[in-house]
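Engineer: Pasting in a structure now, in structure tokens, and then I'll have a few things to ask.
The values are calculated or read from the model by the stated rules, or taken from the named source; none is laboratory data. Bear in mind that the values here come from a model prediction, so they are computed numbers and not experimental data. With ideal geometry, Cβ positions are generated from the backbone for all residues, glycine too; neighbour counts draw on all protein chains shown.
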Amino acid sequence: MLFGAALAVLGVLPAGPSPPVAGLQSLVVALATPLLLLSADLTVILKRTGSMLGAFVCGAMGTTLGALLGFWLVSVCGVVSYFLVHALHVLARYR
């Protein structure tokens, strides 16, 4: 951290993070904090979940693609605002 701060002071690195970096950093910190507090080992978690994790990821991706495809198909008909809200609702609820 000290090395990164020194590079920021010297102007090599930007002093403040860009919005995408700040968003990614907040996501990583939110995911890493419980794992560190519970002393969880990701390699053990991935080994024990096995094919269930793959099935969950496949289902989540299918739900996301289905909601986006449904929105695209409906928006071609010209009714956009209501169906966007509905597609996002389905995506958030059944993800």
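Engineer: Within the stretch 67-74, can one find any residue that is at pLDDT below 80, more than 23 Å from the chain's Cα centre (by Cα) and of a type outside the set (S, T, N, Q)?
Structural biologist: Scanning the stretch 67-74, I find at least one residue that is at pLDDT below 80, more than 23 Å from the chain's Cα centre (by Cα) and of a type outside the set (S, T, N, Q), so the answer is yes.
Engineer: Name the helices (runs of 4 or more DSSP H) wholly inside the stretch 17-80 in which the number of residues that are at negative phi, touching a residue at least 24 places away in the same chain (Cβ under 8 Å) and of a type in the set (Ser, Thr, Tyr) is 1 or more.
Structural biologist: 51-75
Engineer: Run Phe71 past the list (1) of a type outside the set (Gly, Ala, Ser); (2) in contact with a Phe, Trp or Tyr (Cβ under 8 Å, 6 or more places away or on another chain); (3) surrounded by fewer than 10 Cβ atoms within 10 Å (Cβ to Cβ) and report the number of the one that doesn't hold.
Structural biologist: With (1) of a type outside the set (Gly, Ala, Ser); (2) in contact with a Phe, Trp or Tyr (Cβ under 8 Å, 6 or more places away or on another chain); (3) surrounded by fewer than 10 Cβ atoms within 10 Å (Cβ to Cβ) applied to Phe71, the lone miss is (3).
One line per residue, one yes/no per condition, for (1) more than 17 Å from the chain's Cα centre (by Cα); (2) loosely packed, with under 10 Cβ neighbours inside 10 Å; (3) of a type in the set (Val, Ile, Thr):
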{"position": "Ala5", "(1), (2), (3)": "yes, no, no"}
{"position": "Leu13", "(1), (2), (3)": "yes, no, no"}
{"position": "Gly16", "(1), (2), (3)": "yes, yes, no"}
{"position": "Pro19", "(1), (2), (3)": "no, yes, no"}
{"position": "Leu38", "(1), (2), (3)": "yes, yes, no"}
{"position": "Thr49", "(1), (2), (3)": "yes, no, yes"}
